[in-house]
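Colleague: Take a look at this one; I'll ask things after.
The values are calculated or read from the model by the stated rules, or taken from the named source; none is laboratory data. On a predicted model such as this, the values are computed, not experimentally measured, just so you know. Please note: Cβ atoms are built from the backbone with ideal geometry, for glycine as well, and neighbour counts cover all protein chains shown.
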Amino acid sequence: MTWIRNAVVPVAMVVFLAACGGSSGSPDQESVSTVSLPESTTSLPPEETTTTTLPDDTSTSVVPADQGTSLTEEARVSTLGLGPVFMGDKIAVVEEKIGASLVPDESGSSRCRYYTVPGGPPGVSFMVAFGRIARIDIEAPSAITTRSGAGIGSTEQEILGLFGDRIEVRPDPLGGDGKYLVFVPRDEKDQNLRVIFVTGPDGVVTSFRTGQLPEVEYAEGCA
């Protein structure tokens, strides 16, 4: 009896441990699965991950063409004119281009009158003959130059160096000690146009103008 009782106890313990051992693996496996995040939660919803775009009204504004272009010292002089303003333009056309009204000099006449641009670059005036731009004068303190960089403060030698034999050197028609350095275009279609640099006794440009013949050569403007 003692042997049987001793034998039964180990068997019972084996059965009990087996039962416990069988359940010990399952909870560990279940705990791993419960801490795993569902696949759908590893990324944000599409609505939150899309790149935000700025509304149309934050884009850089562009001035409408019908409002013209402001005339500044960035404009360049050529035989054709100054920036967007060309020889032969009517006053209304110029005003539309630069977005400002031209102010007339009361001392002129309908045949020849100077106009200026309020708030525009200093030292710039437009000679209007018979209602159209005939000449544009550039005087101190203007920093405007030609496309080649010639302007007030340039020397006679610099002008000659830039334009070579296209420059005609003439004495001051008003009898001064300076000179007229006259740029004559080579193109046949531009033969009626000139750019004239006026120098002082020291050979430095004090003013210059671009325009059509004969107005560009008027030594005293509309006087």
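Colleague: Please go through (1) over 30 Å from LEU181 (Cα atoms); (2) touching a Leu at 6+ places or on another chain (Cβ under 9 Å); (3) modelled with pLDDT under 95 for GLY120 and return the number of the only condition it doesn't satisfy.
Modeller: The single condition GLY120 does not satisfy is (1).
Colleague: In the range 168-223, what residues are of a type in the set (Val, Ile, Thr) and within 10 Å of ARG135 (Cβ to Cβ)?
Modeller: The answer is ILE196, THR210, VAL216.
Colleague: Moving to a separate point now. Would you confirm whether or not the range 181-192 contains a residue that is surrounded by fewer than 14 Cβ atoms within 10 Å (Cβ to Cβ), of a type in the set (D, E, K, R) and within 25 Å of ASP105 (Cα to Cα)?
Modeller: No.
Yes or no, residue by residue, for (1) assigned to a helix (DSSP H, G or I); (2) buried (at least 18 other Cβ atoms within 10 Å of the Cβ):
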position	(1), (2)
ILE159	yes, yes
GLY164	yes, no
VAL169	no, no
LEU174	no, no
THR210	no, yes
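Colleague: From (1) surrounded by 17 or more Cβ atoms within 10 Å (Cβ to Cβ); (2) modelled with pLDDT under 95, pick out the condition that doesn't hold for MET127.
Modeller: (2)
Colleague: Still on this structure, I have one more. Could you list, in sequence order, all residues of the range 45-94 that are at pLDDT 95 or above and in a helix (DSSP H, G or I)?
Modeller: Matches in the range 45-94: ILE91, ALA92, VAL93, VAL94.
Colleague: Can you tell me which residues in the range 103-123 are more than 12 Å from ILE136 (Cβ to Cβ) and among the hydrophobic types (A, V, I, L, M, F, W, C)?
Modeller: VAL103, CYS112 - these are the residues of the range 103-123 that are more than 12 Å from ILE136 (Cβ to Cβ) and among the hydrophobic types (A, V, I, L, M, F, W, C).
Colleague: Restricting the range 79-117 to residues that are of a type in the set (Lys, Arg) and over 21 Å from the mean Cα position of the chain (by Cα), which is nearest to MET127 (Cα to Cα)?
Modeller: For the range 79-117, the residue satisfying everything is ARG113.
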